[in-house]
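Step one of this worksheet: look at the structure below.
The values are calculated or read from the model by the stated rules, or taken from the named source; none is laboratory data. Nothing here was measured: the structure is a model prediction, and the numbers come from that model. Cβ placement follows ideal geometry from the backbone for every residue including glycine, while neighbour counts extend to all protein chains displayed. All accessible areas refer to the heavy atoms of the entire protein, side chains included, with ligands and DNA or RNA removed. Shrake-Rupley method; radii C 1.70, N 1.55, O 1.52, S 1.80 Å.
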Amino acid sequence: MTAPNANERRVCWGARDQLWRCLDENKDDVSQCQKLQREFESSCPAQWVKYFSKRRDYLKYKEKIQTEGFEPLDSSAKS
């Protein structure tokens, strides 16, 4: 894999941003964003797609922890 040039990076990031916006507006319903998902996957290197997907999951989890707080598992629930 060769590194994307500046224009290819801009296209990739733009596709990512459009997909993320769609997912935010549709409460993460991927079926509503299929076209944008395909554009994202075709505009970015596969490793970037994987990274950005994990990054979004992490950011959503972080946001949830910050707004709802963290509740550790009950240690007495272990079997």
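This table checks each residue for (1) under 17 Å from the mean Cα position of the chain (by Cα); (2) not small (G, A, S).
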residue	(1), (2)
A6	no, no
D17	yes, yes
Q37	yes, yes
E41	yes, yes
C44	yes, yes
R56	yes, yes
Y61	yes, yes
K64	yes, yes
T67	no, yes
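Yes or no, residue by residue, for (1) loosely packed, with under 10 Cβ neighbours inside 10 Å; (2) hydroxyl-bearing (S, T, Y); (3) part of a helix (DSSP H, G or I):
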site: K27; (1), (2), (3): yes, no, no
site: E39; (1), (2), (3): no, no, yes
site: Q47; (1), (2), (3): yes, no, yes
site: F52; (1), (2), (3): no, no, yes
site: R56; (1), (2), (3): no, no, yes
site: L59; (1), (2), (3): no, no, yes
site: K62; (1), (2), (3): no, no, yes
site: Q66; (1), (2), (3): yes, no, yes
site: F70; (1), (2), (3): yes, no, no
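Each residue in region 1-18 was checked for being open to solvent by 60 Å² or more (accessible area, probe 1.4 Å) and over 19 Å from R55 (Cα atoms), and 6 pass. Among the residues of region 1-31, those identified as within 16 Å of A46 (Cα to Cα) and either among the aliphatic types (A, V, I, L, M) or in contact with a Lys or Arg (Cβ under 7 Å, 6 or more places away or on another chain) (or both) are M1, A3, V11, A15, L19. For region 1-43, which positions are touching a helix residue (DSSP H, G or I) at 6+ places or on another chain (Cβ under 6 Å) and in contact (Cβ under 8 Å) with a residue 40 or more places away in the chain? Those that are touching a helix residue (DSSP H, G or I) at 6+ places or on another chain (Cβ under 6 Å) and in contact (Cβ under 8 Å) with a residue 40 or more places away in the chain: none in region 1-43. Tell me which residues, restricted to region 23-65, are over 21 Å from R10 (Cα atoms) and touching a Cys at 6+ places or on another chain (Cβ under 7 Å). Selection gives N26, Q32. Exactly one residue out of Y61, Y51 is hydroxyl-bearing (S, T, Y) and either modelled with pLDDT of 95 or more or touching a strand residue (DSSP E or B) at 6+ places or on another chain (Cβ under 7 Å) (or both), and it is Y51. The residues of region 13-68 that are among the hydroxyl-bearing types (S, T, Y) and under 22 Å from T2 (Cα atoms), listed by number, are S42, S43, Y51, S53.
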